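Have a look at the structure below before the remarks.
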Amino acid sequence: MISRRSFLLRSGQLAAASSLASFALTNHFFNASALAAPTMPPLLVPLRPQLPAPDVPLEVKIGQMIMVGFAGKYLTEQSAIVKEIKERHLGAVVLFRPNIESPVQLLNLAHTLQNASEFPLLIATDQEGGQVSRLTGNFNLPYNYSEQYLGTKNDLGKTQTQGEATAQILSQFGINLNLAPVVDLNVNPSNPIIGRFERSYSADPAIVVKHAGAAVDAHRHHNVLCTLKHFPGHGSSRGDTHAGFVDVTDTWSEVELQPFAELAKQGRADVIMTAHIFNSKL
């Protein structure tokens with residue numbers, strides 16, 4: 001069993017295998033400081049869902065459904081991921097910490113990725129706040145509280161302010177899909193992947209819905225989509241799905257569905273991420 005992160009990274013690494021030698025040679029002489037930061041981010045308008053025309057080839061439609069990770073911080077026209085976007089019509093990429101070095105580097109990376117795509121490309125990352133943050137250090141985030149901290153304070157203004165600041169920075173650097181907020185219920189504080197890292201607003205679904213909704217609204221002000229995760233509820237698990245198989249049949253309860261249902265009814269579910277859990281009740 002492998003995790004989402006491992007799967008996405010391996011997908012990109014496998015795709016890159018055939019050109020690693022030439023990429024390494026190119027990257028060895030790459031001068032990051034010579035890059036001039038583009039004056040505008042890649043996307044200035046909201047992404048609008050559009051169905052491809054009936055005559056679009058099937059491989060294009062399939063490619064648009066795929067998100068991959070990839071290795072490296074600097075890209076050229078010969079980089080595997082650039083070729084895959086162009087030739088396989090990939091619809092999305094996800095950036096992890098190994099892809100991110102500095103503001104100038106990230107902006108150029110986003111531009112290269114976006115310009116390689118015939119269609120608006122989804123560029124995603126996990127910027128939840130707290131310990132799960134990809135933009136740290138020299139990105140100078142003004143607020144980076146964990147969801148647990150925000151839920152405990154239960155101050156919607158504070159959550160809205162952090163959401164606005166986060167989305168503004170993501171948008172500035174060409175990231176248009178945040179893999180956040182977490183809407184799992186903190187029903188098991190000793191949970192090794194949710195509770196341990198303070199990734200849940202609360203065990204109370206009403207508080208989770210209220211704060212997650214504020215975060216989604218704040219992101220939408222800056223044309224950044226959000227992801228509700230991890231369906232159907234990861235907060236009750238006793239195991240870490242990044243490490244192996246996790247069965248929540250005996251710990252999960254139906255109340256864990258409530259944040260997903262409520263936010264979907266409110267029209268605040270841009271994307272929903274499923275959890276790598278087994279639940280025989282569903």
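The values are calculated or read from the model by the stated rules, or taken from the named source; none is laboratory data. These numbers come from a predicted model, not from an experiment. Reconstructed Cβ throughout: ideal geometry from the backbone, glycine too, with neighbour counts over all protein chains shown. These area figures cover heavy atoms from the full protein model, side chains too; ligands, DNA and RNA do not enter into them. Shrake-Rupley method; radii C 1.70, N 1.55, O 1.52, S 1.80 Å.
Going through segment 234-282 one residue at a time, which ones are of a type in the set (A, V, I, L, M, F, W, C) and farther than 19 Å from L177 by Cβ?
A243, F245, V246, V248, W252, V255, L257, A261, I277, F278, L282
Return yes or no: is E77 open to solvent by 90 Å² or more (accessible area, probe 1.4 Å), modelled with pLDDT of 55 or more and more than 26 Å from A218 (Cα to Cα)?
In short, yes.
Residues checked against (1) modelled with pLDDT of 95 or more; (2) over 26 Å from L135 (Cβ atoms):
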{"site": "H28", "(1), (2)": "no, yes"}
{"site": "L44", "(1), (2)": "no, no"}
{"site": "K61", "(1), (2)": "no, yes"}
{"site": "G72", "(1), (2)": "no, no"}
{"site": "K83", "(1), (2)": "yes, yes"}
{"site": "L95", "(1), (2)": "yes, no"}
{"site": "N115", "(1), (2)": "no, no"}
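Take the residues of segment 215-261 that are part of a helix (DSSP H, G or I) and closer than 18 Å to L282 by Cβ: which is most open to solvent (accessible area, probe 1.4 Å)? Steps first, answer last, please.
The first filter runs over segment 215-261 and keeps only residues part of a helix (DSSP H, G or I), leaving 215-220, 254-261.
Okay, now just the ones that are also closer than 18 Å to L282 by Cβ, so 254-261.
Details: E254: 139, V255: 61, E256: 2, L257: 45, Q258: 77, P259: 0, F260: 7, A261: 45 Å².
By that ranking, first place goes to E254.
Results for (1) open to solvent by 10 Å² or more (accessible area, probe 1.4 Å); (2) within 30 Å of D184 (Cβ to Cβ), shown as yes or no for each residue.
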{"site": "V68", "(1), (2)": "yes, yes"}
{"site": "H89", "(1), (2)": "yes, no"}
{"site": "V94", "(1), (2)": "no, yes"}
{"site": "R97", "(1), (2)": "yes, yes"}
{"site": "S102", "(1), (2)": "yes, no"}
{"site": "L150", "(1), (2)": "no, yes"}
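Identify, from the list I194, I175, the residue that is open to solvent by less than 30 Å² (accessible area, probe 1.4 Å) and under 21 Å from G239 (Cα atoms).
I194
What's the number of the condition V216 fails, among (1) free of Cβ contacts under 8 Å to residues at least 12 places away in the same chain; (2) in contact with a Cys (Cβ under 8 Å, 6 or more places away or on another chain)?
(1)
Return yes when V208 is of a type in the set (V, I, T) and at pLDDT 95 or above and no when it is not.
So V208 fits the description; yes.
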